[in-house]
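The values are calculated or read from the model by the stated rules, or taken from the named source; none is laboratory data. Owing to the predicted nature of the structure, the values given are computational and were not obtained by experimental measurement. Positions of Cβ are backbone-derived with ideal geometry, glycine not excepted, and every protein chain shown enters the neighbour counts.
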Amino acid sequence: MRKKNVTPRHIAPDKPAEGKDEVLSVTPEAENTLAERETAVFTHEQAVLSREEAATLREDGASLREEGASQREEGAKKREDGASQREEAADLREKVSDVDTKARDKQSSRKQALLREANENLVVATIRAQVMTDAADLATAQMTHMAEHDILTGLPNRMLLTDRLSQAIMLARRHGKKVALMYLDLDHFKNINDSLGHGVGDLLLQSAANRLQACIRHSDTVSRQGGDEFVVLLPEIEEVQGAVHIAEKLIQAMAEPHLIGEHQLNVSLSIGISLYPDDGKNVDAVLRNADAAMFHAKKNGRNNYQVFTTAMNARRATRQAIERGLQQALARERFVLLYQPKVNIDTGTITGAEALLRWRRSNHRLVRPNQFMSIAEDSGLILQIDKWVLYEACRQTQSWLDAGLEIGQIAVNVSARKFLCKEFLADIRAILRETGLEPHYLEIELTESGLMQDTQQTTATLHALKELGVQIAIDNFGTGYSCLNNLCNYPIDTLKIDQSFVQDIDGDTGEAIVRAIIAMGMTFRQRVVAEGIETQRQLAFLQSHRCAEGQGYYFGRPVAAGKFAALLLETTGKPQASELSIS
Ligand code: C2E
Ligand code: MG
């Protein structure tokens, strides 16, 4: 701003101030007035000055204002610029923030995607882990189940039974109760297995297991010990009568035929019962004694139950000793054959012989088959024994024939087990080949019950034997429960009337039965041999009814090979005894 120095000036009194309307006088008064005028002029000047100054000031102010305005303008411009810059900056920021946001959005969506993926993986991994845990749990449970159960029947096995028995004994001890243990064995199961194969055998075991389980309470246990042996555990019973009642129920349930495929199979049970604490104070003793009782049930004809008695243990020991003795007898050739003549009832001539087994004990005593045959069958030793008998009988017969003795046939008893075993036909062929005996000299004696076990295989084996030229006889005819239809279809050569009927000829029913069997044999063109003839009256009856052959003490007891050769010699009168190779 421009600044002006304003100083007071003396203005002439006669001259009015330029431009002003006041007039000044020179008297005192005028002087006064002049002074006053001067003052007024001065004041006026001053005022003019002031006005000038004010104008200047105003000018200055205006220029200042102008300046200010331009400055403001500038400022406004600057502000505008600043604003636009700010706007730009804001735009930029917005853009940056947009970019940022987008980047962030992109990043966050990527993050989310990754997170989602990670979550999904985690879920999958968790599910997989769960599945694996479940599978591992299942596998563990299955393994435990398998370790404690029988695979075939699904029943508890020996291990689980032993565990439950020991727990039952502990509880019974605490509560003052009894525990019953029943040892069960399927009768003649081995024959079914041997004849129909293991597949059918397995199905029969499963069917038997179901029947047993259906007879007991939930708290009782049926277990499979292996093979055809089962054990039933009845915890906390009051008296033996409770166990006896269940045993009867089991036997009855088992008696119904089992339908296995096309087969209708009948199987019975032998049961041994032992109690805690009466018969044994611990697991082993109770189990052992139930087993001993079961063996006793077998010996008593099977299809029954026996309650343990202390005497049974002694019998069991005897059985075990016999089994060992039979094994040694086979190894050391301590078996011998006796020969009982078969005679033509009309002429009295020897038509052949039946080979009968004896076991020579170390004291030279000969033991008859009824003392050891069931043990030989149960243990399976019968297979080797029968093979030995077949070989020895064929060898001996060929030896007699070689010596010129005439013998129609040699009859050999063959167990059902041997007859139904796979090797039977091969054994027969090998024996005939090795001994050189012509097949028609050999007659196989089979029991009715043995022939009825597996009709399909029996038919095939019988026909194979026939083709070979071997003769076939049904032993103890009339005592089994034969299906006559089957019997008629089998290629049977000989019916042997059981000695019980022959010996009952003097009684009420014997006569009728013997007559019927002879008639049947004639109808089917089968030779009929009456066994166990002891009296003249029996012989006379048989002769009158045209029975072809007979065997029994009336004609002669079973004798050693040498004695039989002498008998043959007497009958035929051919070679000299010295020529015979008598063993
Ligand atoms: P089985 O085949 O019926 O043999 C006849 C049995 O009756 C023989 O008994 C014989 O000695 C006996 N016997 C013969 N005549 C008379 C008689 O007039 N009265 C009486 N009371 N008995 C007579 P054994 O030798 O004790 O044989 C018994 C059973 O053992 C045989 O009965 C047969 O089933 C079986 N057996 C014998 N030897 C063998 C063999 O080598 N293998 C097989 N698997 N079983 C055999
Ligand atoms: Mg016989």
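Scanning segment 393-416 for residues being closer than 22 Å to Trp359 by Cβ, more than 16 Å from ligand 2 (Cβ to nearest atom) and not polar (S, T, N, Q) gives a total of 2. Within segment 410-436, residues that are touching a residue at least 24 places away in the same chain (Cβ under 8 Å) and farther than 13 Å from Leu468 by Cα sit with their Cβ atoms under 6 Å from residues that are of a type in the set (Lys, Arg) and more than 9 Å from ligand 1 (Cβ to nearest atom), at 6+ positions apart or across chains, in these pairs: Thr435/Arg395.
Residue count for segment 241-297 under the criterion of being within 19 Å of Met170 (Cβ to Cβ) and part of a strand (DSSP E or B): the result is 3. Taking the conditions (1) surrounded by fewer than 22 Cβ atoms within 10 Å (Cβ to Cβ); (2) under 46 Å from the mean Cα position of the chain (by Cα); (3) within 16 Å of ligand 2 (Cβ to nearest atom); (4) in contact (Cβ under 8 Å) with a residue 12 or more places away in the chain in turn, Gln384 satisfies each one other than (3). Restrict the check to segment 483-491 and report whether at least one residue is of a type outside the set (Ser, Thr, Tyr) and either at pLDDT 95 or above or surrounded by 21 or more Cβ atoms within 10 Å (Cβ to Cβ) (or both). No. Annotation: Leu451 fulfils all but one of (1) within 16 Å of ligand 1 (Cβ to nearest atom); (2) touching a strand residue (DSSP E or B) at 6+ places or on another chain (Cβ under 6 Å); the unmet one is (2).
Quick grid of which residues meet (1) modelled with pLDDT of 90 or more; (2) surrounded by 22 or more Cβ atoms within 10 Å (Cβ to Cβ):
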residue	(1), (2)
Ala290	yes, yes
Met294	yes, yes
Lys299	no, no
Phe308	yes, yes
Met312	no, yes
Val343	yes, yes
Thr349	yes, no
Ala355	yes, yes
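Only one of the listed residues (Ala331, Ala297, Ala314, Ala293) is over 30 Å from Gly562 (Cβ atoms), among the small types (Gly, Ala, Ser) and without any contact (Cβ under 8 Å) to a residue 24 or more places away in the chain. That residue is Ala314.
For Glu333, the criteria (1) within 16 Å of ligand 1 (Cβ to nearest atom); (2) at pLDDT 95 or above hold in every case but one, which is (2). Scanning segment 482-509 for residues that are within 24 Å of Leu390 (Cβ to Cβ) and in a helix (DSSP H, G or I) returns Leu487, Gln499. Checked against the criterion of being closer than 25 Å to Leu446 by Cβ, out of contact with any Leu (no Cβ under 9 Å at 6 or more places or on another chain) and away from ligand 2 (no atom under 14 Å from the Cβ), the candidates Leu542, Leu567 yield just one match: Leu542.
Among the numbered conditions (1) more than 16 Å from ligand 2 (Cβ to nearest atom); (2) at pLDDT 95 or above; (3) under 21 Å from Gly201 (Cα atoms), the only one that Ala426 does not meet is (3). For Ile517, state whether it is touching a residue at least 24 places away in the same chain (Cβ under 8 Å) and in a helix (DSSP H, G or I). Against the criterion (touching a residue at least 24 places away in the same chain (Cβ under 8 Å) and in a helix (DSSP H, G or I)), Ile517 qualifies. Residues in segment 352-379 that are over 19 Å from Glu443 (Cα atoms) and away from ligand 1 (no atom under 13 Å from the Cβ): Arg360, Arg361, Ser362, Asn363, His364, Arg365, Asp378, Ser379.
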